[in-house]
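Undergrad: Submitted below is the structure of interest, expressed as structure tokens.
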Amino acid sequence: MNSGAYFPIAGCAASSHRLAADYDRRWLIVDAEGRFLTSAACPALLQVTTEMRLGYLVIRAPGMLRMDIPLDVLEDDDSVKRNATINGQTVAVVDEGDLAAVWFGNVTGVECRLVKVHPETGEIRWPA
């Protein structure tokens with residue numbers, strides 16, 4: 001990842017924003033079963049762009065209103081903690097809520113959720 005392209009939301013378009021390296025693969029999209037939804041499985045994700053502005057991850061896609069997600073807020077409510085499966089590995093994540101789920105569902109055409117990797121999660125084996 002030394003090319004200057006980072007992926008704040010894994011599977012979505014790359015970002016060259018100066019802060020993107022600090023948030024590389026911090027978020028991901030999971031399907032209804034909690035499996036990482038890749039751009040290979042859902043090419044519409046490549047239309048989703050991100051930038052960092054005023055403490056928010058600003059998310060855009062064609063035909064959609066932008067969505068802003070706080071960069072460094074982690075909900076500590078147990079009701080939003082989930083597990084996701086990434087490349088066969090179970091990873092602790094935090095769900096970003098129903099609004100984000102509907103937004104990404106409209107972009108992808110499939111039931112899915114935006115989740116944030118829990119900060120206590122160890123190294124993740126991302127697919128190549």
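The values are calculated or read from the model by the stated rules, or taken from the named source; none is laboratory data. This one's a predicted model, so the numbers in the text were calculated from it and none came from an experiment. So basically every Cβ, Gly included, is an ideal-geometry build from the backbone, and we count neighbours across all protein chains shown. With ligands, DNA and RNA removed, areas are computed over all heavy atoms of the protein, side chains included. Shrake-Rupley method; radii C 1.70, N 1.55, O 1.52, S 1.80 Å.
Undergrad: Do the conditions hold for GLY109, that is, is it open to solvent by 30 Å² or more (accessible area, probe 1.4 Å), more than 15 Å from the chain's Cα centre (by Cα), of a type outside the set (Val, Ile, Thr) and at pLDDT 95 or above? Spell out the reasoning first.
TA: Numbers: open to solvent by 30 Å² or more (accessible area, probe 1.4 Å): yes; more than 15 Å from the chain's Cα centre (by Cα): yes; of a type outside the set (Val, Ile, Thr): yes; at pLDDT 95 or above: yes.
The answer is yes for GLY109.
Undergrad: State whether the residues of region 16-33 include one that is of a type in the set (Phe, Trp, Tyr) and under 17 Å from GLY109 (Cα atoms).
TA: We begin by selecting, within region 16-33, every residue of a type in the set (Phe, Trp, Tyr); these are 23, 27.
Still in the running and under 17 Å from GLY109 (Cα atoms): none.
Within region 16-33 (the criterion being of a type in the set (Phe, Trp, Tyr) and under 17 Å from GLY109 (Cα atoms)), the answer is no, since none of the residues qualifies.
Undergrad: May I ask you to list the residues in region 36-65 that are of a type in the set (Phe, Trp, Tyr) and farther than 15 Å from ASP24 by Cα? Give the steps one after another, and end with the answer.
TA: Taking region 36-65 and keeping what is of a type in the set (Phe, Trp, Tyr), we get 36, 56.
Correct list: PHE36 only.
Undergrad: Scan region 111-118 and tell me whether some residue there is outside any strand (DSSP E or B), in contact (Cβ under 8 Å) with a residue 60 or more places away in the chain and not aromatic (Phe, Trp, Tyr). Full working, then the answer.
TA: If we filter region 111-118 for residues that are outside any strand (DSSP E or B), which is where we start, we get 111, 118.
So of that shortlist, the ones also in contact (Cβ under 8 Å) with a residue 60 or more places away in the chain come out as 111.
Subset that is not aromatic (Phe, Trp, Tyr): 111.
Yes: one or more hits.
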